[in-house]
1. Using DSSP, restrict attention to beta bridges with both residues in the chain and report what percent are antiparallel, rounded to the nearest 5.
2. What is the Å³ per residue value for the convex hull set by the Cα atoms of the stretch 41-173?
3. Run lengths n ≥ 4 of DSSP H only: what is the helix-derived mean residue ellipticity at 222 nm for the chain, with -39500 (n - 2.57) per run over all residues, to the nearest 500?
4. Kindly sort TYR354, TYR29, TYR553 by accessible area of their heavy atoms, largest first, with the probe set to 1.4 Å.
5. Classify the stretch 270-321: rounded, prolate or oblate, from the alpha-carbon gyration tensor (a ≥ b ≥ c, eigenvalue square roots; a/c under 1.5 rounded; otherwise prolate if a/b is larger than b/c)?
6. To the nearest 0.05, how large is the calculated FRET efficiency for ALA356 and ALA531 if R₀ is 41 Å and r is the Cβ-Cβ distance?
7. Under the Karplus relation 6.51 cos²θ - 1.76 cosθ + 1.60, θ = phi - 60°, what is the ordered set of whole-Hz ³J(HN,Hα) values for the stretch 375-391, x standing for Gly and Pro?
8. Tell me, how many Å apart are the Cα centres for the stretch 39-100 and for the stretch 364-440?
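The values are calculated or read from the model by the stated rules, or taken from the named source; none is laboratory data. These numbers were taken from a predicted model, which means no experiment stands behind them. All Cβ positions, even for glycine, are placed from backbone atoms using ideal geometry, and neighbour counts span all protein chains on display. All accessible areas refer to the heavy atoms of the entire protein, side chains included, with ligands and DNA or RNA removed. Shrake-Rupley method; radii C 1.70, N 1.55, O 1.52, S 1.80 Å.
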Amino acid sequence: MIQRAIQRRDAPALPGSLQALHPVVGRVYACRGVTDSADVELPLSALLPIRDLGTAQVAADLLLAHRDGRVLVVGDFDADGATSTALMLRVLAGFGFADVDFLVPNRFAFGYGLTAPLAELAIESAPTLVVTVDNGISSHAGVAALRSVGIDVLVTDHHLPPEHSPDANVIVNPNNHGEAFASKSLAGVGVAFYVLAALEHALIAIGETQHRGTVARHLDLVALGTVADVVPLDRNNRILVRAGLARIRSLAATPGVLALLADAGRDPRQCTASDLGFGAGPRLNAAGRLDDMSKGIAALLTDDPLQARQHATALGAINKERRDLQARMQEEAIAALPTVTGGEHRLASCVCLYEADWHQGVVGLVASFVRERCQRPAFAFANDGAATLKGSGRSVPAVHLRDLLAAVDTRFPGLIERFGGHAMAAGLSLRRDRLDAFSDACASLVDELYPGASAGEVWLSDGELAQEELTLGVAEALRTAGPFGSGFDEPLFDGTFVVVDARLVGDNHIKMRLAQTPGGPSVDAIAFRQAEQLPLPAGSAIEAVYRLDVNEYQGLRRAQLIVEQMRRV
């Protein structure tokens, strides 16, 4: 694994409004540019106004016009799509809509979004209105098919739009051309939240005040989808996630969310954004990756705690299958890396990998693993038919992945069949016999358009923690701060330690006790997937990049370092 350099963040003087916080927490906030206590408290009242999202009110009017009709929600097969779908169905039912149902594409049969074949399937159920969530902004053919038979279409999405938008009745997307909404980072579920909040306001305006607060009661779903989709946690998203976490911690969340956390071994009463991202989220995503996301949506729709637990158990089993499959594919990816060169025996500036038996639903995770290991953009491909490959890519901050694919498409017309995505993640389809040409094109364009991108990322550290700060109290203070995530990074520290002892646990993890000085007090530590660092003799010194967290075992809570990177010194 390529080691990242460590860069310590500038630690400005703590503003007076933050001096009531624990000093370590205050320092972490200050390093992220927080200067006001309101940015720490994050009240719902500070959300960007609904009216700021241009067409949300128009969308609410369209929904209201179909209150007595049949509304079909077309979702996506990831956690953002699942939570968006469940949010839309739960709230519309609560608002007294007569007939609301959902349709989510099987990724292996229909691919992503409202495709023309999926639209034909939707037409069979005779909806009066189709609402897309977390998709639709590129679904020209699907939207046209629905409109041609008199079905109204509301597109709610957050993905980057193409040059021309589909001919829907209404489109709500913070990233749409000409949209002035200040938070471009809303997840699909965040967009759905704003549309439903606008609908709630419209109902209250006509005297149906009993619906006040309905949408806010489902903020746990908004928090889960936002964190799981790894969108940047700007201030607006942090407000949504903070409010959702509060509902989860008070056990007022959807039974399915509580059950998913429990299946992951996470205590909902202590829930953090990390628990959503690494506990509940992967269980939802596994259904869409390997099976049918309808199973994940069913878990989020039930109000029966027993059924929710049964759904969560089934999703946990699918997630275990996903982990095993991912581990095997990652080993094959590592074995293939030495053959991916950019000349002079160096690794190519963009890594493209393919194995004939790789699973379509897991290639995105393999691409993420390779990107992290090699510190450069990476694509992983799986078969998608007799002569076609489906690829998923992950990028480094210096390379905008969708723009890279657009550049490849411009320079080499016809090389890519379809593509789309974000700065950090994208997907595409191409013919199998064009993989080598695509790989060469990506590597050369990364070198040309993003020089130096393959130099790798750095660890942005919040500095060193003193011995008296490596405590359970500080770890708990950091857990309750935040929420942290993409764009508002989890607190990360660095320092030099003496190894007291180190041993292998599981297949590839290192359990350690570390001290800042020889013979001094020690703290527990664990380094996941870093067994290649062994042996670590007692008394040896390491430089570590780490997070300070809480380890709970058999009812005992202790401070523990999660070591992200270490090297001998």
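1. Numbers: 50 of 78 bridges.
Counting only bridges with both partners in the chain, antiparallel ones make up about 65 percent.
2. Taking only Cα atoms, the stretch 41-173 has a hull volume of 119 Å³ per residue.
3. Values: 17 runs with 206 residues, N = 569.
For the chain, the value works out to -11500 deg cm²/dmol.
4. Accessible-area ranking of TYR354, TYR29, TYR553, largest first: TYR553, TYR354, TYR29.
5. In terms of gyration-tensor shape, oblate.
6. Numbers: r = 29 Å, r/R0 = 0.70.
Working from the Cβ atoms, E equals 0.90.
7. Once rounded to whole Hz, the list reads 6, 7, x, 9, 10, 10, 10, 10, 5, 9, x, 4, 10, 10, 10, 10, x.
8. Comparing the Cα centres of the stretch 39-100 and the stretch 364-440, I get a distance of 32 Å.
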